[in-house]
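Read-outs: derived from the displayed coordinates by stated rules, not from any lab. Only a predicted model underlies this, so the values are computations on that prediction, with no experimental measurement involved. Every residue, glycine among them, receives a Cβ derived from its backbone with ideal geometry; neighbour counts consider all protein chains shown.
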Amino acid sequence: MTWRADVLTLFPEMFPGPLAYSLAGRALQSGIWSLRATNIRDFATDRHRTVDDAPFGGGAGMVLRPDVVDAAIASVADDRPLVFLTPRGRKLTQRDVRGYGEGPGVILLCGRYEGIDQRVIEARAMQEVSIGDYVLSGGELAAMVLLDAAVRLLPGVMGAAESAAEESFSGHLLEYPHYTRPADWQGRRVPEVLLSGDHAAIAAWRKAQAERVTRERRPDLWPTGGPTAG
Ligand code: 9D3
């Protein structure tokens, strides 16, 4: 059945955005997944459609009200995981992404302002997720990253060849470098082994390259070499 994504945001016009293109866009068109963006402001109850207020205890910025956020969630909630995109969250991993892809879909809540009232986070048992250690201006781009990563894993989205390659690779090494024609470009030659037709030699060269680049750039992925390994 269709994998369903709901996004709760103050900027619903940002969606589908880049998710309308490429692999994810084709899968959206074909009904493999669905996307609905809901404006949190639609659940404000006052004349001015207020969604936020000053923080108790003082300090800069504004906080999203729990009653408004809860009503927005109630309008879409079912058995899907509710994920709050926030810089305070656990860092998203490919394992998490695989889990989301295997379920019925996700409900994503995007923060703006300084945050969301803590009580609704707890009352709704939200999973709090960050996409990495840098500061965005809101959760919307993070939600798109999560969706792109999950949707490409859904059955029928990737070609069978790519899926198989991904499975056998399974993420422990960075990729070897790629080359195509021309064999000589601006005096830079493609490594001779790749032109040799010796498939065993090519496989060995690629493995060595993948290991070298992983040790150099991502020692944390290397079984023995990581800064916190051992
Ligand atoms: C004043 C302290 N700031 C925290 C570093 C407040 C703040 C900054 C930026 C609160 C929210 C945001 C907007 N970012 C997100 O909503 C966000 C995010 C991110 O900034 N980095 C990585 N992952 C994510 S997921 C959502």
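In square nanometres, what is the average projected area of the Cα convex hull of the stretch 166-221?
4.7
Could you list which residues have their amide H under 5 Å from that of A37, counting only those 5 or more apart in sequence or on another chain, with H placed in the peptide plane?
Placed amide hydrogens put V7 under 5 Å from A37.
Once both labels are modelled 7 Å past Cα along the beta-carbon direction, what's the V135-F56 spacing in nm?
With each label point 7 Å from Cα toward Cβ, the separation is 2.6 nm.
Need one number: % antiparallel among DSSP beta bridges in the chain, to the nearest 5.
15
For the stretch 97-221, report the % of Cα-Cα distances exceeding 16 Å.
76
Pull out the extension gain between E102 and S196, defined as 0.36 nm times the separation in residues minus the alpha carbon to alpha carbon distance; nm, one decimal.
Here the answer is 29.7 nm.
Whose amide H sits under 5 Å from the amide H of L136, counting only residues 5 or more places off or on another chain, with H placed in the peptide plane?
Under 5 Å from the amide H of L136: no residue qualifies.
Once the dipole of the stretch 166-221 is set up with Lys and Arg at +1 and Asp and Glu at -1 on Cβ about the Cα centre, which of W205, L194, P182 lies farthest towards its positive end?
P182
What number, in percent, do you get for the relative contact order of the stretch 3-151 if the mean sequence gap of Cα pairs under 8 Å and at least 6 apart is divided by its residue count?
30
Answer with one residue from V63, Q94, G115: the one whose Cα lies farthest towards the positive end of the charge dipole of the chain, charges on Cβ with Lys, Arg +1 and Asp, Glu -1.
Positive-most Cα among the choices belongs to Q94.
Based on Cα coordinates alone, diagonalise the gyration tensor for the chain, multiply each eigenvalue by 5, take square roots, and list the semi-axes in whole Å, largest first.
42, 21, 16
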